[in-house]
Amino acid sequence: MPSLDSAALALIAITLFAATVNGALGYGFSSLSVPVAVLFYANRVLNPALVLVEVGVNTYSLFINRHSVPRVWKRTLPILAGLVPGVIVGSLLLSAINPSATKVLTYLLILPLILLQAAGFRRYIHAERIVGVPLGTGIGVLYSVTTISGPPLALMLNNQGYVREDFRASLAIIRIVESTLTAIAYAFLGLYSIQTGSLLGLIVPGVLIGVPLGAFLVRRIALETFRRVCMSFDAWVVGFGLSRTLIELGLFGVPAGYAVLATAVAIDAVLLLQFFSRQRRGQIAFEPAIAGH
């Protein structure tokens, strides 16, 4: 178990980086920070602080995308309806299940979704309203257990033909509702503690610095290249986290446990090469996919 100082430094570094990415792209904070942070903190300790931060970040995102809200809010209603039972179930699970099991669940759920995004998976869903409610329930469970909901939201919203501004507005609406509901559920379950305040003290300064820094940097970097590299970083970190957790639980030894990491890196490397190959041929258009916020 790392020392508190090491854990604190890691949390400061990863949340600053994730906030910078979020400032550049408008998404990505949770999926970049959580896979690293859960190596040092249990989800039930980490999540309450992250959710409070995300209420603020998502409120800001909703504000800057407010002009697109009238065009998209009705399309988000089925997902929002499913969030309520999902958040309740997920919050209860977080307070009850073993922290190691939560960590493994986090990695197992998001790794294939990240790789599907990296592969450019697309499949238009005609029954959008029908699918929206169960999707919202699943997202509510996933978010309240892990504070991550970006990968499934990305696959859904990207497939439905949203333009960039409408995509971000839809994402902001869903994210502010899920983070607010989860923050309330955590309060009812008594998950906030003195340690929540301590973690907020480590996270908030990086967010305040990173978000404007990312907005500044994105004007000087090719957006799609930056987004795709961040997605690769996410896949590699999740693969490493899953490998380390499986080894710590005694399910695999060394080096066999790192086969998961090696597999994730190999798959993503192939997808990354394909991305840059298509980019050189001029086949990459803007894709409002998210790295998993």
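Numbers below:
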read-out: Conditions (1) crowded, with 16+ Cβ neighbours inside 10 Å; (2) closer than 25 Å to Phe121 by Cβ; (3) modelled with pLDDT of 85 or more; (4) not aromatic (Phe, Trp, Tyr); number of the one not met by Gln274; value: (1)
read-out: Residue satisfying all of: in region 180-198; of a type in the set (Val, Ile, Thr) and farther than 18 Å from Val141 by Cβ; surrounded by the most Cβ atoms within 10 Å (Cβ to Cβ) among these; value: Thr196
read-out: Filtered residues of region 204-239 (kept if more than 16 Å from the chain's Cα centre (by Cα) and within 23 Å of Arg44 (Cβ to Cβ)); value: Val204, Gly206
read-out: Those residues of region 147-167 which are within 22 Å of Thr15 (Cα to Cα) and surrounded by fewer than 23 Cβ atoms within 10 Å (Cβ to Cβ), in sequence order; value: Pro152
read-out: Failed condition for Gln283, given (1) among the polar types (S, T, N, Q); (2) at pLDDT below 85; (3) open to solvent by less than 40 Å² (accessible area, probe 1.4 Å); value: (3)
read-out: Members of region 69-117 that are touching an Asp or Glu at 6+ places or on another chain (Cβ under 8 Å), open to solvent by 10 Å² or more (accessible area, probe 1.4 Å) and farther than 22 Å from Val133 by Cβ; value: Ser100, Leu115
read-out: Residue in region 47-60 that is in contact (Cβ under 8 Å) with a residue 60 or more places away in the chain, over 17 Å from the mean Cα position of the chain (by Cα) and open to solvent by less than 60 Å² (accessible area, probe 1.4 Å) present; value: no
read-out: Residue count, region 118-141 (criterion: open to solvent by less than 70 Å² (accessible area, probe 1.4 Å) and at pLDDT 85 or above); value: 10
read-out: Meets criteria (open to solvent by less than 40 Å² (accessible area, probe 1.4 Å), modelled with pLDDT of 90 or more and in contact with a helix residue (DSSP H, G or I) (Cβ under 7 Å, 6 or more places away or on another chain)) for Ser144; value: yes
read-out: Any hit, region 73-83, residues being touching a residue at least 40 places away in the same chain (Cβ under 8 Å), more than 17 Å from the chain's Cα centre (by Cα) and not in a helix (DSSP H, G or I); value: no
read-out: Candidates Val53, Val57, Val34, Val104, filtered to the one that is at pLDDT 90 or above and assigned to a helix (DSSP H, G or I); value: Val53
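The values are calculated or read from the model by the stated rules, or taken from the named source; none is laboratory data. Everything quoted here is computed from the prediction, not taken from an experiment. No Cβ is skipped: glycine too gets one built from the backbone with ideal geometry, and neighbour counts run over all protein chains shown. The accessibility values were calculated without ligands, DNA or RNA, using every heavy atom of the protein model including side chains. Shrake-Rupley method; radii C 1.70, N 1.55, O 1.52, S 1.80 Å.
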